[in-house]
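Remarks on the structure that follows.
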Amino acid sequence: MPKPIHFEIHVDDMDRAKAFYATVFGWTYEDYTDYAGQPYFGAIAGQEEEAGINGALMLRHDGVEPNGSVNGAVLTMGTDDFDATAEKVLAAGGSVALPKAALPGMAWQGYFLDTEGNVFGVHQPDENAA
């Protein structure tokens, strides 16, 4: 059964957001901009042995969702088969927000809208993604 593996916080000002979360929660960051093709900073939100998940800060996009930009965080679900998961999403009444894309040498990533208009990500690790 898939479980949440990652979160994304959409931000307007990357430096300001990084400073905020570092100051408040002590987060550190890894730069994944080259993988994502846009400013994208992995947020290390705790030690590996601690419960919880890590996430990222990414620049807010306009026009992805029916009512404008994401205001909040996006939960990403892990899967072994992106395409099969996408078929289930569509069959259950969801829709594509951003199509499947390669994070080269890392994974396949895409975004969907649930039946309530909420955005969520689907992530399939694949070092051969290109």
Quiz prompt | Normalised contact order of the chain, rounded percent, pairs of Cα under 8 Å and 6 or more residues apart | solution = 23
Quiz item: Nearest 0.05, what FRET efficiency do Ala130 and Asp15 give at R0 = 25 Å with Cβ-Cβ as r?
Solution: 0.20
Self-check item: Translational diffusion coefficient (Stokes-Einstein; Kirkwood radius from C-alpha pairs) of the chain at 25 °C, 0.890 mPa s, in µm²/s
Solution: 160
Quiz prompt | For the chain, the longest site-free run once GluC sites (Glu not before Pro) in DSSP loop states with at most 15 other Cβ atoms within 10 Å are removed | solution = 51-115
Quiz item: What length, rounded to one decimal in nm, is gained on full extension from Gln47 through to Tyr29, with 0.36 nm per residue of separation minus their alpha-carbon distance?
Solution: 5.2 nm
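Cβ under 12 Å from Ala36's Cβ, Ala36 left aside: what net charge do those residues give with Lys, Arg +1 and Asp, Glu -1?
-4
What FRET efficiency do you get for Val96 and Lys3 if R0 is 25 Å and r is their Cβ-Cβ distance, rounded to the nearest 0.05? If you can, show how the numbers build up before the last one.
Numbers: r = 22 Å, r/R0 = 0.88.
So the FRET efficiency works out to roughly 0.70.
Values in this text are rule-based calculations from the coordinates and carry no lab data. All of these numbers come straight from a predicted model, not from anything done at the bench. Cβ sites come from the backbone with ideal geometry, for glycine too, and all protein chains shown count toward neighbours.
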